[in-house]
Amino acid sequence: MKNLKRNVVRCFNVLKMNVCDTVPRCILHFFVTQLVDDLGRALEKENLVQFLQERKDIRDKRERCRKQSQALEKALPRTAGVLDKLLHMKQGSPVKSGKIY
């Protein structure tokens, strides 16, 4: 009976921690969303929307970076095998006539 009570208390403590973590995040989310919407409306009202638009050179650079990142992610699994072989060779290098190769 003590074990059951202890487990129920632990479960409620975990739930309490989750709620204590989630509630401030939700409140912050709604505040930020409201602020962004209000700022957007204010900028539209003052015809300042062009300041929110991304410059073409920055957009092109971001696109190049995204493509490079995707290429590196594709290449990563291929390089893992090479790295393992290099580490194995360095750790297990043969010793001939007192010299380490």
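The values are calculated or read from the model by the stated rules, or taken from the named source; none is laboratory data. Values in this document were obtained by computation on a predicted structure and should not be read as measured data. Methodologically, a virtual Cβ is constructed for each residue, glycine included, from the backbone with ideal geometry; neighbour enumeration extends over all protein chains shown.
Taking the criterion of being surrounded by 10 or more Cβ atoms within 10 Å (Cβ to Cβ) and not in a helix (DSSP H, G or I), the residues of the stretch 45-66 that qualify are Leu48, Leu52.
Tell me, yes or no, whether the stretch 31-44 has at least one residue that is among the β-branched types (Val, Ile, Thr), in a helix (DSSP H, G or I) and at pLDDT below 85.
First, pick out the residues of the stretch 31-44 that are among the β-branched types (Val, Ile, Thr): 32-33, 36.
If we keep only those that are in a helix (DSSP H, G or I) as well, we get 32-33, 36.
Checking which are at pLDDT below 85 leaves us with none.
Scanning the stretch 31-44, I find no residue that is among the β-branched types (Val, Ile, Thr), in a helix (DSSP H, G or I) and at pLDDT below 85, so the answer is no.
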